[in-house]
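Input: a single structure, listed below in structure tokens.
The values are calculated or read from the model by the stated rules, or taken from the named source; none is laboratory data. Keep in mind that this is a model prediction, so the values were computed, not measured. Cβ sites come from the backbone with ideal geometry, for glycine too, and all protein chains shown count toward neighbours. With ligands, DNA and RNA removed, areas are computed over all heavy atoms of the protein, side chains included. Shrake-Rupley method; radii C 1.70, N 1.55, O 1.52, S 1.80 Å.
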Amino acid sequence: MRAPHSPPGDPVVGNAIRFARAPLEYLDAIGDAYADGIVHLSGAIGPGIYVVLDPTLVHRVLVDDHARYRKPQFRPELVDPLVGEGLLTSEGDHWKRQRTTLQPAFFTSRLREFGDTIVDFTLATTEEWSDGDVFDAYRELGVLTVRIISRLLLGVDLSRADAAAVGEAMIDVGEGLAVSPGGVIRPPWLQTPPPREYRQAIRELEDVTARVMAMHEPGGDDVLSLLQRARSREPDAFPEDELRDQVMTMLLAGHETTALTLTYALSLLSRDPTARAALHDEVDAVVDGAPAWTDLAALDYTERVIHETLRVLPPVWAMFRQPLADARLGDYRIPAGAPLMLPQWTIHRSPRHWPSPLEFDPDRWLETRPAEVPAYFPFGAGPRACIGRQLAIVESKLVLATIAAEWDPRVENEKLPRRAGITMQPSGPVPAVVRRR
Ligand code: HEM
């Protein structure tokens, strides 16, 4: 058994402050210095955090030994009022019951019906554009993906204003949950009340959630209908509050990551005329007017653009687990309860696993199936892998192809400023100019 690598830290606070000041840059530095194995970052108090840099050990935690780990409860004072006991945060049998109940909402047979809705909502967005308009890509795509997810998973048509309120609230929530020096040095037992903007964002989200539940018509195979049916069979197993938690979970988990994928794809394409031309060539050859479900299989390059975006700029930059008892992970001993970080950001961008890792090259996926690459896990892995991953790929392909058939949006920022919260969000506007092709 080996002790994890321990980078030199500062007195008292160890590595905590350096990490919290610029988490992604700090991860780059330890990725370069240690490349493999497990790195222990010490904190002011407590067990610190163990960063797993070896993809086979990530796989061990998420897949082979998943029953020995749980998701840690980070900042419950902020997360509980947001998504409560929804599918993202629940544990054990409670989680299993939820996952089995909700799975039919994501069946491929249902996805097939989603194609037209995704394209129609995208066209409703692009019809508002004029040549030369400048918009904030992250906000615009956020409104679009909220409207798509509410229709597909919750069975309601949200107004643009409500969709925009969800997107704005998510930006404030992201700010509240961002890794910060203050958050890291605060001992876990000292819970400070959520800041005012955060509480306001939750109120906005609760208002929209209440409207979704009031508008919803039962009887379909959407998430709310499935939960209502399960509740009528087993009221104790599916309490009333949980409906609200699941609506919040779907609205947030279901829209933001896809909006980020599309924003980052547009940003990466803006700096790569060759990739842009290849995308346009494919869309022109495959799509007649607007894409259809039957075009999906032929939108091969478009799919490679999405996978490559998820590799270079993964919207979920890291996942977290903790062992239920003292654990052995490879050659390393991890104490019970110690937080483990499984960073997509570092492993997706490591020269140990990828040639020219920082280069955006959709064609690296020509001969490679994403599911077969251990160093690639944008949707997690194992039983708790993303329930929406197929939907996210279908949605991202159709939105990107619908836009590219007629428009050539260019993101202006050379380098997007980013913030590491639960997801990796732009920390400022992402201005994009739209040009008609
Ligand atoms: C490109 C888009 C997306 C990315 C990168 C993404 C990423 C992830 C990741 C990494 C996890 C695992 C977290 C962990 O194990 O700690 C996850 C879980 C989850 N995702 Fe996604 N996701 C995306 C789209 C979606 C969509 C469209 C939905 C639709 C509702 C969704 C809903 C969820 C839910 C509910 C979970 C928790 C599943 C469980 O624990 O059983 N995600 N996602």
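May I ask you to give the solvent-accessible area per residue for the stretch 304-437, in square angstrom, as obtained with a 1.4 angstrom probe?
For the stretch 304-437, the solvent-accessible area averages 39 Å² per residue.
Given the whole protein assembly as supplied and a 1.4 Å probe, what does the accessible area of ASP116 come to in Å², nearest 10?
Surface open to solvent at ASP116 totals about 100 Å².
State to the nearest 20 debye the size of the charge dipole of the stretch 319-437 about its Cα centre, where the only charges are +1 on K and R beta carbons and -1 on D and E beta carbons.
I would put it at about 260 debye.
Between ASP28 and ARG211, how high is the FRET efficiency from 1/(1 + (r/R0)^6) when r is the Cβ-Cβ distance and R₀ = 45 Å? Nearest 0.05.
My answer for the efficiency is 0.60.
Could you give the length gained by full extension between ARG328 and ASP93, i.e. 0.36 nm per residue of separation minus their alpha carbon distance, to one decimal place?
Net length gain for the segment: 82.1 nm.
Can you say what percent of the DSSP beta bridges in the chain, counting only those with both residues inside, are antiparallel? Round to 5.
The answer is about 85 percent antiparallel.
So what is the calculated 222 nm ellipticity per residue for the chain, using -39500 (n - 2.57) for each DSSP H run with n of 4 or more, over all residues, to the nearest 500 deg cm²/dmol?
-15500 deg cm²/dmol
The chain: D in µm²/s via Stokes-Einstein (Kirkwood Rh, Cα pairs, 10 °C, 1.306 mPa s)?
D, rounded to a whole number, is 71 µm²/s.
For the chain, with all protein chains present and a 1.4 Å probe, just round the carbon and sulfur fraction of the accessible area to a whole percent.
So the carbon and sulfur contribution to the accessible surface is 52 percent.
Determine the per residue accessible area of the stretch 61-176 with all protein chains present and a 1.4 angstrom probe, expressed in square angstrom.
Averaged over the residues of the stretch 61-176, the accessible area is 42 Å².
Quick check: net charge around THR145, other residues with Cβ under 12 Å of its Cβ, Lys/Arg +1 and Asp/Glu -1?
Summing Lys and Arg as +1 and Asp and Glu as -1 gives 0.
Work out the FRET efficiency for SER6 and ALA237 from their Cβ-Cβ distance, taking R0 = 35 Å, and round it to the nearest 0.05.
0.20
If I model a spin label at SER159 and ARG271 as a point 7 Å from the Cα along the Cα→Cβ vector, what separation in nanometres do I get?
Taking the simple label geometry, SER159 and ARG271 are separated by 4.0 nm.
Which length gain, in nm to one decimal place, applies between ALA385 and THR192 when the Cα-Cα distance is subtracted from 0.36 nm times their residue separation?
The ALA385-THR192 span can extend by a further 66.4 nm.
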